[in-house]
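Colleague: Quick one: the structure is below, and I'll ask about it shortly.
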Amino acid sequence: MNNEVTVQELAETISGELIGDGDRSISGAASLETAGPGDLVFVESTKYLDQLQNCRGAAAIVPDGITPPGHMSGIKFPHPALGMACALEVLSPRKRRFTTVSEGAFVHDEATVAEGVGVAPGVYIGAGVSIGPNTEIYPGCTILDGTTVGADSVLYSGVHVYHDCEIGDRVILHSGVVIGADGYGFVQEPVQDNPAEPLRHHKVPQIGKVVIEDDVEIGANTTVDRAALHETRIQRGTKVDNLVMVGHNCSIGKHSLLVGQVGISGSTAVGDYVTLAGQAGIAGHLRIGSRVIVGAQAGVTKSLSDGKIVLGSPAIDIQQARKAYALVGSLPRFKKKLADLARRVSELEP
């Protein structure tokens, strides 16, 4: 259930500037098209002015240069999307479901569970595990021996953290996340006595760990593999979407964005503030510089320097890619023209 506040109270809470009637009540949030009385909306640019004029909401968060219509109040905020995010934290704050350790959970005698931790029924916490204050662990999670989880983190149902991993403070792991499964490491082994199968794949023990730093969020059904020898690390503030694969020994920098179905092969280092768009694939043993943007479905086969923007598979510089893609629609015409030229040349030959 949402909280109900006045526009003035909300403006003060998010440090915005009130426009118009501050006594209107806000009890929810909606899009411009679906908002009704009592709803808050936001507008980022003038291209939405027509929709704003027709909106039935009670108030709008707007940037400089935009004023809500007379039937609405407003809150001026430099970055309206950020203002809306802050407002949602006020209107619909996250509520904890579990605040104590359930009798239906298994917590090893050698585990350490701090004050305020919530552990749901069906959770397994192994020997030597340490859980920081106010962390919440939902049903069906497993945290194996020697792992540490920091304060104020949330592990949703079905998260599995293998042994000897490190999870920081304020980390969110959504359902189905697997942290610390074995990396994909095999070496070919000759087999002398079986001509039909002269080679087999010999597993390389994965004896490293995974480190997830503070303020990282990892989406549903994403996997972060254990390092072979040292560590796989996701650094502070990085946000990882659903169905992402981070291979063993990878290092992902601070405040990067990994969008759905990204795959990163082993031993690749990704810099800070990098964006890897949906279904991008990164080959192994590469170095991806800071503030790089890799477009959707791009396949990166070479290291990228800081600030590069690439598209395509294999990935190439965005300017070159745009020129290449612009020609795709003309290829049938070029093909026909080449065929005509080839025919004319053959007719001229003796």
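Colleague: Go over the candidates A35, A11, A87, A60 one by one and state the one that is of a type in the set (G, A, S), touching a strand residue (DSSP E or B) at 6+ places or on another chain (Cβ under 9 Å), on the phi < 0 side of the Ramachandran plot and part of a strand (DSSP E or B).
Modeller: The match here is A60.
Colleague: Looking only at segment 96-120, count every residue that is part of a loop (DSSP other than H, G, I, E, B), closer than 28 Å to N2 by Cβ and in contact with a Phe, Trp or Tyr (Cβ under 9 Å, 6 or more places away or on another chain) and tell me the total.
Modeller: Residues that pass the stated criteria total 4.
Colleague: For P93, all conditions in the list (1) in a loop (DSSP other than H, G, I, E, B); (2) modelled with pLDDT of 95 or more hold save one; what is the number of the exception?
Modeller: (2)
To keep it simple, each residue is scored yes or no on (1) closer than 18 Å to G146 by Cβ; (2) charged (D, E, K, R); (3) in contact with a Pro (Cβ under 6 Å, 6 or more places away or on another chain); (4) surrounded by fewer than 19 Cβ atoms within 10 Å (Cβ to Cβ).
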| site | (1), (2), (3), (4) |
| --- | --- |
| V187 | no, no, no, yes |
| A196 | no, no, no, yes |
| R200 | no, yes, no, yes |
| V204 | no, no, no, yes |
| I212 | yes, no, no, no |
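Colleague: Of everything in segment 325-350, what is assigned to a helix (DSSP H, G or I) and either under 45 Å from the mean Cα position of the chain (by Cα) or touching a residue at least 24 places away in the same chain (Cβ under 8 Å) (or both)? Give them in sequence order.
Modeller: Y325, A326, L327, V328, L331, P332, R333, F334, K335
Colleague: Does segment 38-56 hold any residues that are over 19 Å from N2 (Cβ atoms) and not in a loop (DSSP other than H, G, I, E, B), and which are they?
Modeller: T46, K47, Y48, L49, D50, Q51, L52, Q53
Colleague: Could you figure out which of (1) surrounded by fewer than 17 Cβ atoms within 10 Å (Cβ to Cβ); (2) modelled with pLDDT of 95 or more; (3) outside any loop (DSSP other than H, G, I, E, B) isn't true of R322?
Modeller: (2)
Colleague: Among (1) modelled with pLDDT under 95; (2) under 30 Å from Y156 (Cα atoms); (3) over 28 Å from the mean Cα position of the chain (by Cα), there is one condition V5 misses while meeting the rest; what is its number?
Modeller: Just one mismatch for V5, condition (1).
Colleague: Does A59 satisfy being touching a Leu at 6+ places or on another chain (Cβ under 8 Å), without any contact (Cβ under 8 Å) to a residue 60 or more places away in the chain, under 30 Å from V7 (Cβ atoms) and not β-branched (V, I, T)?
Modeller: yes
Colleague: I need a count of the residues in segment 293-305 that are among the β-branched types (V, I, T) and over 16 Å from the mean Cα position of the chain (by Cα).
Modeller: 2
Colleague: Would you list the strands (runs of 3 or more DSSP E) that sit entirely within segment 181-267 and hold 2 or more residues that are over 19 Å from I143 (Cα atoms) and free of Cβ contacts under 8 Å to residues at least 40 places away in the same chain?
Modeller: 186-190, 199-203
Colleague: Moving on to the next point. For segment 25-49, which residues satisfy the criterion of being surrounded by fewer than 17 Cβ atoms within 10 Å (Cβ to Cβ) and farther than 19 Å from R94 by Cα?
Modeller: S25, S31, E33, T34, G36, P37, E44, S45, T46, K47, L49
Colleague: Right, next: Based on what the data block shows, is D306 surrounded by 18 or more Cβ atoms within 10 Å (Cβ to Cβ), assigned to a loop (DSSP other than H, G, I, E, B) and in contact with a Ser or Thr (Cβ under 6 Å, 6 or more places away or on another chain)?
Modeller: no
Colleague: Mind checking which residues of segment 125-154 are over 26 Å from the mean Cα position of the chain (by Cα) and either not hydrophobic (A, V, I, L, M, F, W, C) or not assigned by TED's automatic domain parsing to the domain that holds C165 (or both)?
Modeller: Once the filter is applied, which keeps residues that are over 26 Å from the mean Cα position of the chain (by Cα) and either not hydrophobic (A, V, I, L, M, F, W, C) or not assigned by TED's automatic domain parsing to the domain that holds C165 (or both), segment 125-154 yields G126, G128, D145, G146.
Colleague: Report yes if P139 is under 17 Å from V7 (Cα atoms) and in a loop (DSSP other than H, G, I, E, B), otherwise no.
Modeller: no
Colleague: Something else about it: From the list L91, L52, L82, which residue is among the aliphatic types (A, V, I, L, M) and under 17 Å from E17 (Cβ atoms)?
Modeller: That would be L82, the only listed residue that is among the aliphatic types (A, V, I, L, M) and under 17 Å from E17 (Cβ atoms).
Colleague: Being under 27 Å from the mean Cα position of the chain (by Cα) and in a helix (DSSP H, G or I): is that true of L82 here?
Modeller: Criteria met by L82.
The values are calculated or read from the model by the stated rules, or taken from the named source; none is laboratory data. Since the model is a prediction, treat every value here as computed from it, not as a measurement. All Cβ positions, glycine included, derive from the backbone under ideal geometry; neighbour counts span all protein chains shown.
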